[in-house]
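Notes for the one structure printed next.
The values are calculated or read from the model by the stated rules, or taken from the named source; none is laboratory data. Keep in mind it's a predicted model, so treat the numbers as computed, not measured. As a convention, Cβ positions derive from the backbone with ideal geometry for all residues, glycine included, and neighbour counts pool all protein chains shown. With ligands, DNA and RNA removed, areas are computed over all heavy atoms of the protein, side chains included. Shrake-Rupley method; radii C 1.70, N 1.55, O 1.52, S 1.80 Å.
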Amino acid sequence: MTTVRVRLTLAYSGLFLLTSVILLVTVNLLLGRTLRTRIARFPVPRPPEPPAPVPGMGIPEDRPMPVPLPDLVDDVIGYQWEVTALTVGILAVVSVVVGWLVAGRILRPVHRITATARRLSLSNLHERIALTGPKDELKELADTFDAMLDRLERSVEGQRRFVANASHELRTPLAVQRAAIEIGLPEDVGEIRDKLLFHNRRTENLIDALLVLAQAEHGLERLRPVALDQVVRLVLAEEGSGDITVTARTEPFVVHGDPILLNRLVTNLVDNAVRHNRPGGTVEVTLADGVLTVRNTGPKVPEERFGDLFEPFRRLHTTREQGAGLGLSIVASIAKAHGAGVRASPNPGGGLELVVAFAGPRDRRRETPPGRTEPARRTSWRT
């Protein structure tokens, strides 16, 4: 695939060479025609007779004969064509080099616009191209892009304010309802009371999940170093796994991101591995070289359902406890906000292997004091 710069270079050099060739060929043809026309006006001189030998002097040496004018014209025109061919070859090289440089200079604003577009995310929408120079088509394109960023930034800020207000407005009535159920209902309606509390908690969890998903999709406002290995150990210490055995092996690793969202990412991965498991199964959590891997021994997942794992509100019919279907979609959104990749693959004996690979693991390792290395930690939980 040829780039625009290559196409512009070929166009510039092609037009230049075509013009140069037409000019040189025209000059050569006119020169040859003019020389032959003017020489034809003059009579062709007869060649002089050789001098007679002088007695006693021997045979005189051969003297160079003068070249006829028509042959001289042919020699001049032939030399002119050779010079023309050499000139065209040199101009071809020069035109390609100059065309490449000129095309690069013309496309420099386009590269700047492209670099800005690639660098922008929901966390740095305040940046602008701010292209300077003459008011031409490229300047108009950059200004249009900046205006679009202004509108997008205002829209994102409005959505963030909406999420913050919704977080308060939705949680408050649910908290009031929970208090009314716990305090206002008598103990003789315990089954109804428990059912109402169950649905109240489920609604709260759904709202929390939706708010976290919206926050992750809107990008990260502030980045700070987060020890991911400590987050993993904290989540596993707080996670109730029932009859599931959870083992972990972690290495020191630092991620620049949001600690609350990273905690939610690990929590959802572990909760998903425990929820989608068989009785007495196992869960393995590994953090090595910036790659977080969670494996479980659950039932087999059909291959046609792998595309639904990270979609919101998609539930697999292999769970022991039905959730809202937002766990892995939240994981994917948080990972994307932190520049990480997520993939899922089946285990040979059933279950899933979920992998979150963070970018630049070697540059984000947690530093340890000189002369001391921090070994990987392995922990086992069973409740």
List every residue pair whose Cβ atoms lie under 7 Å apart, where the two residues are 6 or more positions apart in sequence or sit on different chains, the first residue falls within segment 147-162 and is in contact (Cβ under 8 Å) with a residue 24 or more places away in the chain and within 18 Å of Ile129 (Cβ to Cβ), and the second residue, located anywhere, is open to solvent by 70 Å² or more (accessible area, probe 1.4 Å) and outside any helix (DSSP H, G or I). Glu153/His126
Would you confirm whether any residue within segment 17-35 is charged (D, E, K, R), surrounded by 12 or more Cβ atoms within 10 Å (Cβ to Cβ) and modelled with pLDDT of 75 or more? no
Answer residue from segment 79-102, given it is open to solvent by less than 60 Å² (accessible area, probe 1.4 Å) and hydrophobic (A, V, I, L, M, F, W, C) and is farthest from the chain's Cα centre (by Cα) among those: Val83
Checking the conditions here, which among Pro348, Pro369 is part of a loop (DSSP other than H, G, I, E, B), at pLDDT 55 or above and of a type outside the set (Lys, Arg)? Pro348
With hydrophobic (A, V, I, L, M, F, W, C), modelled with pLDDT under 75 and in contact with a helix residue (DSSP H, G or I) (Cβ under 6 Å, 6 or more places away or on another chain) as the only criterion, which of Ala337, Ala324, Ala359 stands out? Ala324
Can you name every residue in segment 145-157 that is open to solvent by 60 Å² or more (accessible area, probe 1.4 Å) and either modelled with pLDDT under 85 or under 13 Å from Thr116 (Cβ atoms) (or both)? Met148, Leu152, Arg154, Glu157
The lone exception for Ile260 - which of (1) of a type outside the set (Ser, Thr, Tyr); (2) open to solvent by 30 Å² or more (accessible area, probe 1.4 Å); (3) closer than 19 Å to Gly351 by Cα it fails: (3)
Here are Arg112, Arg118, Arg105: which of them is basic (Lys, Arg), without any contact (Cβ under 8 Å) to a residue 60 or more places away in the chain and surrounded by 12 or more Cβ atoms within 10 Å (Cβ to Cβ)? Arg112
